[in-house]
Amino acid sequence: MQMVKRIVGGFFLSLILLWLFAPKVELYYFLEKKLKENKIVISNETITDTWYGIKIENAKLYVDSAKIADIDEFNFSFFFLYNTLKIDNIKTDNSLSRLAPKEINTINAVYSIIQPLEIKLNGEGSIGVFDGTVELIKKRIEILFPVPKDLKSIKKFLKKDQEKGWLYETNY
């Protein structure tokens, strides 16, 4: 019985140490490389490795060499069965003022093993509060704005739902 306890304990200890000392920054660089293949570049960022994830500060987001936004902070938290991404203070470029909200205070994305086929989103910004899902198999994004504030810039992309509020739906 002692041998079984030691083997199981050693296995879980190995998993915890692997998680704590995993090359999280290298995983971020791999993600950056994959994004670059789609002409999305994150630059001028400061990367900090934390015990449970990585923290990225002062990033600039470019798509097709055009500046899209300044992002104050990303927080990736990697857990075995529950992963989160929190993005704080996104300020879009002035050239996009007619197509995108001026500022988004926070966006939270959660991936859980309980629902492995979708990513839950929520956030708040100059457009109000929003909730949404990204369905990975169906390749579908759905974002609901139940309490909108200033939707002038994105209203042409939204549908009015009588019960829920304003809804954004698209496939990718």
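Sort out for me the strands (runs of 3 or more DSSP E) sitting completely within region 1-90 that have 2 or more residues that are basic (Lys, Arg).
Working: elements: 40-43, 46-49, 53-63, 66-77.
Correct list: 53-63.
Looking only at region 39-86, count how many residues are polar (S, T, N, Q) and closer than 24 Å to Ser97 by Cβ. Walk me through it before giving the result.
Let us first name the residues in region 39-86 that are polar (S, T, N, Q), namely 43-44, 46, 48, 50, 58, 65, 75, 77, 83-84.
Right, trim to closer than 24 Å to Ser97 by Cβ and you get 43-44, 58, 65.
Adding up the residues that qualify gives 4.
Any residue that is among the small types (Gly, Ala, Ser) and exposed (fewer than 15 other Cβ atoms within 10 Å of the Cβ) - is there at least one of those in region 106-121?
Going through region 106-121, the residues among the small types (Gly, Ala, Ser) turn out to be 109, 112.
When the remaining residues are screened for being exposed (fewer than 15 other Cβ atoms within 10 Å of the Cβ), the result is 112.
Checked region 106-121: at least one residue is among the small types (Gly, Ala, Ser) and exposed (fewer than 15 other Cβ atoms within 10 Å of the Cβ).
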Problem set entry | All positions within region 61-89 that are surrounded by 13 or more Cβ atoms within 10 Å (Cβ to Cβ), among the aliphatic types (A, V, I, L, M) and within 19 Å of Asn108 (Cα to Cα) | Leu61, Ala69, Ile71, Leu85, Ile87
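State whether the residues of region 133-149 include one that is outside any strand (DSSP E or B) and surrounded by 14 or more Cβ atoms within 10 Å (Cβ to Cβ). Write out each step before concluding.
Filtering region 133-149 down to residues outside any strand (DSSP E or B) leaves 136-139, 149.
The next check asks that each one be surrounded by 14 or more Cβ atoms within 10 Å (Cβ to Cβ); those that pass are none.
No.
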Exercise. Somewhere in region 40-60, is a residue more than 19 Å from the chain's Cα centre (by Cα), among the β-branched types (Val, Ile, Thr) and over 16 Å from Ile90 (Cβ atoms)?
Worked result: no
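Of everything in region 51-60 that's surrounded by 11 or more Cβ atoms within 10 Å (Cβ to Cβ) and in contact (Cβ under 8 Å) with a residue 24 or more places away in the chain, which residue is farthest from Leu31 (Cα to Cα)? Write out each step before concluding.
Going residue by residue through region 51-60, those that are surrounded by 11 or more Cβ atoms within 10 Å (Cβ to Cβ) are 52-60.
So of that shortlist, the ones also in contact (Cβ under 8 Å) with a residue 24 or more places away in the chain come out as 52-54, 56.
Values: Tyr52: 17, Gly53: 14, Ile54: 13, Ile56: 13 Å.
Filtering region 51-60 for residues that are surrounded by 11 or more Cβ atoms within 10 Å (Cβ to Cβ) and in contact (Cβ under 8 Å) with a residue 24 or more places away in the chain, the one farthest from Leu31 (Cα to Cα) comes out as Tyr52.
Just to be sure, is Ala100 in the same structural domain as Ile42 (by TED's automatic domain parsing) and either of a type in the set (A, V, I, L, M) or farther than 29 Å from Lys24 by Cα (or both)? First the steps, then the outcome.
Values: in the same structural domain as Ile42 (by TED's automatic domain parsing): no; either of a type in the set (A, V, I, L, M) or farther than 29 Å from Lys24 by Cα (or both): yes.
Spelling it out, it is not the case that Ala100 is in the same structural domain as Ile42 (by TED's automatic domain parsing) and either of a type in the set (A, V, I, L, M) or farther than 29 Å from Lys24 by Cα (or both).
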Problem set entry | Matching entry among Leu31, Leu27, Leu15 (being at negative phi, in contact (Cβ under 8 Å) with a residue 60 or more places away in the chain and either among the β-branched types (Val, Ile, Thr) or surrounded by 11 or more Cβ atoms within 10 Å (Cβ to Cβ) (or both)) | Leu15
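On the given criteria, is Thr92 polar (S, T, N, Q), surrounded by 15 or more Cβ atoms within 10 Å (Cβ to Cβ) and under 15 Å from the mean Cα position of the chain (by Cα)? So that I can check it myself, show each step before the final result.
Details: polar (S, T, N, Q): yes; surrounded by 15 or more Cβ atoms within 10 Å (Cβ to Cβ): yes; under 15 Å from the mean Cα position of the chain (by Cα): no.
Answer is no for this residue.
The values are calculated or read from the model by the stated rules, or taken from the named source; none is laboratory data. Everything numeric here is computed off the predicted structure, so don't read it as measured data. Glycine also receives a Cβ, built like all others from the backbone with ideal geometry; neighbour counts cover every protein chain displayed.
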